[in-house]
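**Student:** Have a look at this one.
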Amino acid sequence: MDMQQVVHIDEKWFFLNPETRKFYLLPNEPNPYRCQQSRRFKVKGMFMAAIGKPIFDPHGVVLHHDGNYGIFPFVYERTAKKKSKNRKAGAVEIKATQNVNKEAIRTMLLHNVIPSIKSKWPSHLPKDIWIQWDNVRPHQIPRDEEFETACHSGGFNIQFIYQPAQSPDLNVLDLGLFNCCMEEILNHLGGNNFTPPHKGKKRLERIGMLPEQLEVDKNVVQQVVDYLNSIFLSTCEGTEEDEGMQVDAD
C-alpha cells in the first residue's frame, strides 16, 4: 500500500474551560472572572482531523498537496426558545455535541471528511484511498446505500482500515510516523520493552536528508517471520499424546 494514498483521521476532546489556567497579573489587577454552569460537568468540544502525506518537489517545497484535509468540529444547530441578552428567541445557535456516538461519526464522515478528501485529492494520484483510524467503539464503518455511494462516486474507491489493536507505538498519528518504532518492535519479536528511538528528524530535515521511506534489514524481517511460524500452530497439528490428554480432561 502506498502511504501517499492513505488518509489518517482521529478525534480529540477539548474542555472549553479547563480545570486550571495560568494568568500573569499586575499587582493591583483583580483575578479574572470565570463562570461555568457546573464544576462537575464541564462543557467540552470534539474535533476530527484528517491528514495525509504531503507532496514535495526536489527542493523540499510543498507541491500540489500539503496533506491537510481539514479539522472539523462536532456541532449541531438549535433554535433558541427564549430571548436573552445575547440573542433573540428563534435565533439559530451552534452547540457542541456532547455525545459523539456512531451516528455522529457517520454524519461527520459523510458531510465533512469524505467531501473534503474528494475536493482536495491530487489529480495525478489514483483514486483508491484508504482512510485509517483507531479501534474505538463508535468507529463502525457504515454500510448503508448513501454512505457506500459517497465512498464510490466520482471514480473514487474509499475504504476504511484500522490501526493495529493494542499497539500505540504503531499509531501513525502519534509515535509510528516519527520515532521509527516498527523496526524496534521487529527486533524485540513483537514486544514493547524498548525505548522509543529518536532519529534526529529535525536535523535531517534541516540538512535535506529526511528519508521518505525507511528500510528494514531483511534478516530481521525473516527472523520475525520464523518466530511467528513457530508460535502459531495449526489446529490440525498435534500429537496423539495431546489428543489423549484432551480426552482425559473431558
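**Student:** Mind counting the residues in the stretch 125-135 that are under 20 Å from the mean Cα position of the chain (by Cα) and free of Cβ contacts under 8 Å to residues at least 60 places away in the same chain?
**Tutor:** Count: 1.
**Student:** Among the numbered criteria (1) in the same structural domain as GLU145 (by TED's automatic domain parsing); (2) touching an Asp or Glu at 6+ places or on another chain (Cβ under 8 Å); (3) exposed (fewer than 13 other Cβ atoms within 10 Å of the Cβ), which one does VAL100 miss?
**Tutor:** Exception for VAL100: condition (3).
**Student:** Next question, about the same structure. So is HIS124 assigned to a loop (DSSP other than H, G, I, E, B), in the same structural domain as VAL7 (by TED's automatic domain parsing) and surrounded by 14 or more Cβ atoms within 10 Å (Cβ to Cβ) or not?
**Tutor:** no
**Student:** Kindly indicate the residue of the stretch 89-105 that is part of a loop (DSSP other than H, G, I, E, B) and over 19 Å from LYS42 (Cβ atoms) and also modelled with the highest pLDDT among those meeting that condition.
**Tutor:** By that ranking, first place goes to ASN101.
**Student:** Further question on the same structure: Which of the residues spanning the stretch 71-88 are surrounded by 12 or more Cβ atoms within 10 Å (Cβ to Cβ), over 30 Å from ASP10 (Cα atoms) and of a type outside the set (A, V, I, L, M, F, W, C)?
**Tutor:** ARG87
**Student:** Of everything in the stretch 129-146, what is surrounded by fewer than 16 Cβ atoms within 10 Å (Cβ to Cβ) and either at pLDDT 95 or above or farther than 18 Å from VAL6 by Cβ (or both)? Give them in sequence order.
**Tutor:** Of everything in the stretch 129-146, those that are surrounded by fewer than 16 Cβ atoms within 10 Å (Cβ to Cβ) and either at pLDDT 95 or above or farther than 18 Å from VAL6 by Cβ (or both) turn out to be VAL136, ARG137, PRO138, GLN140, ARG143, ASP144, GLU145, GLU146.
**Student:** Could you check SER116 against (1) of a type in the set (Ser, Thr, Tyr); (2) without any contact (Cβ under 8 Å) to a residue 40 or more places away in the chain; (3) under 23 Å from HIS65 (Cα atoms) and say which number it fails?
**Tutor:** (2)
**Student:** Out of the stretch 7-49, which residues are within 25 Å of the chain's Cα centre (by Cα), at pLDDT below 85 and not aromatic (Phe, Trp, Tyr)?
**Tutor:** The answer is LEU16, ASN17, PRO18, LYS42, VAL43, LYS44.
**Student:** Identify the single condition in (1) touching a strand residue (DSSP E or B) at 6+ places or on another chain (Cβ under 8 Å); (2) in contact (Cβ under 8 Å) with a residue 40 or more places away in the chain that PRO122 does not satisfy, given that it satisfies every other one.
**Tutor:** (1)
The values are calculated or read from the model by the stated rules, or taken from the named source; none is laboratory data. Predicted model, so just to flag it, every value in this text is computed and none were measured. When we count neighbours, we look across all protein chains shown, and the Cβ atoms used for this are built from the backbone with ideal geometry, even at glycine.
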